[in-house]
Each structure stands twice: as structure tokens, then as C-alpha cells.
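Structure first, then comments.
The values are calculated or read from the model by the stated rules, or taken from the named source; none is laboratory data. The structure presented is a predicted model; accordingly, all values stated were derived computationally and were not measured. FYI the Cβ positions are ideal-geometry reconstructions off the backbone, even for glycines, and counts take in every protein chain you see. Side chains included, ligands, DNA and RNA excluded: accessible areas come from the protein's heavy atoms. Shrake-Rupley method; radii C 1.70, N 1.55, O 1.52, S 1.80 Å.
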Amino acid sequence: MQDYVEIYEVGPRDGLQNETAIIPLARKVALIDLLSKVGFRRIEVASFVSPKWVPQMADSAAVMAAMTRAASVRYAALTPNLQGYAAAKAAGADEVAVFASASEGFSQANLNASIAESMERFAPVALAARSDAVPLRGYVSCVIDCPYDGATPPQAVAQTVAALRRFGCHEISLGDTLGQGRPEAVDAMLAAVLNEVPAQQLAGHFHDTNGRALGNIAVALARGLRVFDAAVGGLGGCPYAPGAAGNVATERVAAYLTAQGYVTGLDHAVLQQAAVTAQAMRGPLGAQE
Ligand code: HMG
Ligand code: MG
């Protein structure tokens, strides 16, 4: 039997959050509706964060109300605190995600909190998600390096991963937020993290600033990871990580995995159509009705 690898689509969230011109709701919904036909098991469509911090995601509840749900897809959303969780739950999120950092500098810039303070905010989210039986994902940012603190020690990543696991995160996504990781550094980071959490509970989240994301995915595959985050059309960046480029493009990851003999379950033709739609949403033209 061929090995299945899941691509967790983050374009409507990690991709679009970085666009400064506000994209009309109908265009976001059209992209999500197209992505729902590609064959993904999960699509991250929303982010219930402060609209002052990320204005592009302010219409998350409206997006989730307007999109057409496919029965086979779980629709996920970011939830930085209990207020965000309550909004995500009310909007019908099937899965929620808390997001921590392995570095203090990025934690402050992204969440206005130290790593320890961010964990205090996540604790009630984890409790609520468990009692509502909503699957909880965890993110760790800056697993290789941080725009504020420099190189991240692998042990710091392992500690944050272990803390998220204690909250009951069923999966923890390892973010190379700046997209500058080299395969050797990714391998060393994974060696430390795998001492804490098995590969089946990890996902790789590679931004592609220096074109090394596919090489980093290869290293992670060799370490046993079978879930990779990607954004259709290579959309994105992170508003609190200056210089970071988009996530690795879903269509490139899908083509790479297929060429390597893995099964992704994705329809490459519909995916290509979605990539064209996504690309047209970039920049000032993306904000037009
Ligand atoms: P804060 O200012 O410290 O929050 O921000 P606060 O608790 O003091 O509240 C201040 C105001 O925010 C209040 O409103 C709250 O109601 C409101 P006011 O009384 O001033 O009108 N507020 C909220 N509003 C809506 N939804 C909420 C919410 N919480 C408070 N959930 C906070 C703390 C966490 C809210 C803020 O720092 C924030 O929203 N940060 C999010 C930043 C973000 O979204 N970054 C991008 C996503 S992470 C990422 O992209 C990395 C990832 O892809 C992995 C990788 O690549 O590394 C996941
Ligand atoms: Mg990201």
C-alpha cells in the first residue's frame, strides 16, 4: 500500500492574513469553496485573533457562515485565547489551533506575551476544547530561527512542543516561520523534538523564503512526519515576522509528494485552478470586488 501524506491547507488563513489590502468576503469564500473540492481533509479558513492585530482576519465569522461546507473536510481556525475560542466555536470551527513560539522575541511580537504567559492563555482553551470534543492543534513558531532572537536551540523547540502536548494537542505543527531553515538544521531540530513527541503527532510548516522548503519536507519525511502545511499559490508570510515569505505552495508540495510515490488524495487540476484564484488575490488587485 502506498504511503498517504496529508497536506493541511493553510492558504485562506496563513496566506491571506498577510495581505494588507482587505480582500472582499466573496473572494475569500470563492477560494475556500474551490479548495473544498480539491480533496483536503482539513482547511484552515479563519483566525479569531484581535482585529487590531490582523485586520484581514476580522471577517472570520462571516467567512465561515458564508462558505459551503464539504462533509469530508474539517474546517479549522486559530484561537489565541478563550475569547477567540468562543468565537471560533460559535462560528462552527471543526478544529481549533493555539499558537506558541519557541523564542521569546517572537512570542512578544506575535502575542504580546512571554511563552509562559501564552501557555496560561492556552490552558482554558485546551480545557474548553476537550469538554466540547473539538480537536486541538498546536503550532510552534520559529523552530529554526527568530527575527528577534536569532537561532533557536532545538531544545527550546522540544520544550514548547512538550508543553503543547500536555495540553492535549493531537498534532503539533513545527513552523519555520522565517523560511530560512537548512535541511541540516531542520534535521537537528526534529531529532530533539522526536524525543518528546512521536512523528505521528507532528506536522511540518515550512515557509519558503529561500526555496529550501521541499528539501526540508524531504528531511521531515525521512524522520517519519506525514502531515505538511502548505498554502495554495504560495500565499502568505507572517505579519509579525518581517522578511518571511509565503508558505510553501500546496501545488508544489502535491507534485513533489506524488513524484516521490506518496498518495495525497488531491485533485491536481482543481488544485491548479485554486492556485490561479489564490494568486489573483495578492496585492491591490486582490482587494477588488
Ligand atoms: P493584547 O492586546 O495583549 O490583548 O493582544 P488583550 O487581552 O489585552 O485585549 C486587547 C483587546 O483585544 C481587547 O479589545 C480585547 O477584547 C481584544 P478592546 O477592549 O481594546 O476593544 N481581543 C480580541 N479580539 C478578538 N479576538 C480575540 C481577542 N483577544 C483579545 N481573540 C492577542 C493579545 C493574542 C489578542 C493579540 O496579540 C493577537 O491577536 N495576536 C495574534 C497575532 C496573529 O494572529 N499572528 C499571526 C498568526 S500566527 C502565525 O502566522 C504563525 C503560524 O503560521 C506558524 C508559523 O509560521 O510560525 C501559526
Ligand atoms: Mg505560518
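Diffusion of segment 153-283 by Stokes-Einstein, at 25 °C in a medium of 0.890 mPa s and with Rh set to the Kirkwood radius over alpha-carbon pairs, works out to 161 µm²/s. Given the options Tyr85, Tyr262, Tyr75, which has the most mean-square fluctuation in a GNM of the chain, springs set between C-alpha atoms less than 10 angstrom apart? Residue with maximal mean-square fluctuation among Tyr85, Tyr262, Tyr75: Tyr262.
Over the chain, with a Gaussian network built from C-alpha contacts below 10 Å, which listed residue (Leu257, Leu127, Leu78) shows the highest mean-square fluctuation? Of Leu257, Leu127, Leu78, the Gaussian network model singles out Leu127 as fluctuating most. Once the 1.4 Å probe is applied to the protein heavy atoms, segment 1-116 comes out at 37 Å² accessible per residue. Here the Karplus relation 6.51 cos²θ - 1.76 cosθ + 1.60, evaluated at θ = phi - 60°, turns the backbone of segment 253-269 into coupling constants of 5, 4, 5, 5, 5, 4, 4, 7, x, 8, 9, 10, x, 9, 8, 5, 5 Hz, with x for every Gly and Pro. With contributions of -39500 (n - 2.57) from each DSSP H run of at least four residues, the per-residue ellipticity at 222 nm computed over the chain stands at -11500 deg cm²/dmol.
Give me the Debye-computed log₁₀ of I(q)/I(0) at q = 0.14 Å⁻¹ for the chain, equal point scatterers on Cα only, no solvent, two decimals. With no solvent term, the Cα-only Debye profile gives -0.96. Other residues lying with their Cβ under 15 Å from the Cβ of Gly236 contribute a combined charge of -4, Lys and Arg counting +1, Asp and Glu -1.
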